[in-house]
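Below is one structure; the comments refer to it alone.
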Amino acid sequence: MKITILDTNFILTCVKQKIDFFEEIKFMGMEILIPEQVINELKKVVNSKKKFHFRKDAELSLKLLEKEKNSFKKIDLLKYGKNTDKRLKNFTEKNKNIIIATLDRELKNKIKNPKLVIREKNKLEVI
């Protein structure tokens, strides 16, 4: 079975654009991994005074993750680097079969693994 790991901006954008990413990813036949660090980033956004326009999307994201908690596996990437992007990069480098779901241009350019992206604002596609 293929495995995909989700980044914070991917989750936030899917929620904002009302994409049922859990259903879509399952339909593609993939297992979902969500790092503890991504969940922590979502919590930071909810409590942030600066990122006000992302707060509601982050709150919805956390509610969705709680509702779908049996649809994904949590993983801790603490040993893979200092920040979440570095950890995702290092983790995927060591696991070439992992598909990374991210919209972060810099991260996509650094990672050689297949990527799960949003096309046409409502479709998920592996590139």
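Observations
- Cβ crowding within 10 Å averaged over residues, with 17-24, 105-112, 31-38 ranked highest first: 31-38, 17-24, 105-112
- Cβ-based net charge around residue 72, under 15 Å, with every Lys or Arg adding one and every Asp or Glu removing one: -2
- Backbone amide hydrogens, once placed in the peptide plane, bring residue 68 within less than 5 Å of nothing, excluding anything fewer than 5 places away on its chain.
- Share, in percent, of DSSP beta bridges within the chain that are antiparallel, nearest 5: 25 percent
- For the stretch 47-99, fraction of C-alpha pairs farther apart than 13 Å, in %: 71 percent
- Whole-Å distance, taken between Cα centres, linking the stretch 107-127 and the stretch 1-49: 13 Å
- Global geometry of the chain, whether rounded, prolate or oblate, following the gyration tensor of its Cα atoms and the 1.5 cut on a/c: rounded
- For residue 99, nonlocal amide neighbours, meaning residues 5 or more places apart or on other chains whose placed amide H falls under 5 Å from its own, are 3, 4, 5.
- Pairwise label distance in nanometres, residue 26 with residue 126, each label 7 Å out on the Cα-Cβ vector: 1.8 nm
- Among the listed pairs 2/44; 50/73; 79/108; 51/96; 18/96, those whose Cα-Cα separation exceeds 28 Å are 2/44; 50/73; 51/96; 18/96.
Each value in this text was obtained by applying a stated rule to the coordinates, not by laboratory testing. If you're wondering where the values come from, they're calculated on a predicted model, not measured in any experiment. All Cβ positions, even for glycine, are placed from backbone atoms using ideal geometry, and neighbour counts span all protein chains on display.
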